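In what follows, a single structure is set out as structure tokens and then discussed.
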Amino acid sequence: MKASDLQLYAITDRYWLNGARLADQVEEVLKNGATFLQLREKKFSHEELIAEAAEIKDIAKHYHVPFVINDDIYAAKEIDADGVHIGQSDMAYQQARDILGPDKIIGLSAGNLKEAVTAEKMGADYIGVGAVFHTDTKENTTAISFDELREITQAVSIPVVAIGGINADNLMQLKGTGIDGISVISAIFGQPDPGAATRKLVALTKKMLDK
């Protein structure tokens, strides 16, 4: 995994599907420039997740985009996904690494400097830091300051992707924080045309990351 893979990190959400197939939306998003994909299904059974993940894995492979599963390490192993993203309250990093092996991507969430530094020491491949703006996607989240975000990117050597409430209207505020990319949910999957939303975010993100 390269830092550039994290420029536009898309996280799925079926809340806005309105009868559309998630796999079809994913294809539109990847076709239009998303560089990383996370499948996030909080209400699926393990079996339902496996079936969906297998289909989406094939799409991601076609577009040469790294594909990870949120939380379910066993599902990631079963379908041979590229890796997994786990939060602070999910399965411990070392247990996930033991299950998935040395060659899979493991991303960790971090809400402050201490968690980020610890994630790197444990061996995480990248860190998702946030929430950088207020978000309704996760309950009980408090936005971290841009100064805190800058401290994190300066303190760790692994890639950092910002997450939480990011959209086309506010992402330029992250310029100069040292992040490697942005991670979004509703800014893509909550839009009437996820493909067009992706194209717009790709252009803005490149501008934001340009030094």
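The values are calculated or read from the model by the stated rules, or taken from the named source; none is laboratory data. Just so it is clear, the structure is predicted and the values come from calculations on it, not from any experiment. Virtual Cβ from ideal backbone geometry, glycine too; neighbours counted across all protein chains shown. Quick note on the areas: whole protein, heavy atoms, side chains included, nothing else; ligands and nucleic acids left out. Shrake-Rupley method; radii C 1.70, N 1.55, O 1.52, S 1.80 Å.
Quick notes on this structure:
- Magnitude of the charge dipole, region 145-197, Cβ model with Lys/Arg +1 and Asp/Glu -1, debye to 20: 60 debye
- Convex hull volume per residue for the chain, taking Cα atoms only, in Å³: 111 Å³
- The local environment of Met208, defined by Cβ-Cβ distances under 13 Å, has a net charge of +2 under the rule Lys, Arg +1 and Asp, Glu -1.
- Gyration tensor over the Cα atoms of region 51-172: the corresponding equivalent ellipsoid has semi-axes (square roots of 5 times the eigenvalues, largest first) of 25, 18, 13 Å.
- Residues His64, His46, His85 ordered from highest to lowest accessible area at a 1.4 Å probe: His64, His46, His85.
- Radius 9 Å from Cβ of Ser109, net charge of other residues (Lys, Arg +1; Asp, Glu -1): -2
- Residue order for Lys2, Lys175, Lys57 - accessible surface, 1.4 angstrom probe, largest first: Lys2, Lys175, Lys57
- Mean Kyte hydropathy of -0.5 or more with a Cα span along the axis of at least 15 Å, helices from DSSP in the chain: 46-62, 194-209
- Around the Cα centre of the chain, unit charges on the Cβ atoms of Lys, Arg, Asp and Glu (plus for the first two, minus for the last two) sum to a dipole of about 640 debye.
- Value of [θ]222 nm, deg cm²/dmol, for the chain, DSSP H segments ≥ 4, -39500 (n - 2.57) each, nearest 500: -11500 deg cm²/dmol
- Ranked from largest to smallest solvent-accessible area, with a 1.4 Å probe on the protein heavy atoms, Tyr74, Tyr15, Tyr126, Tyr63 come out as Tyr15, Tyr74, Tyr63, Tyr126.
- Each Lys and Arg contributes +1 and each Asp and Glu -1, all at the Cβ; summed about the Cα centre of region 48-166, the dipole is approximately 360 debye.
- The heavy atoms of Met172 present about 70 square angstrom of accessible area, all protein chains included, probe 1.4 Å.
- Spatial extent of region 134-211: Rg and Dmax, with the Cα atoms as the point set, Å: 12.8, 38
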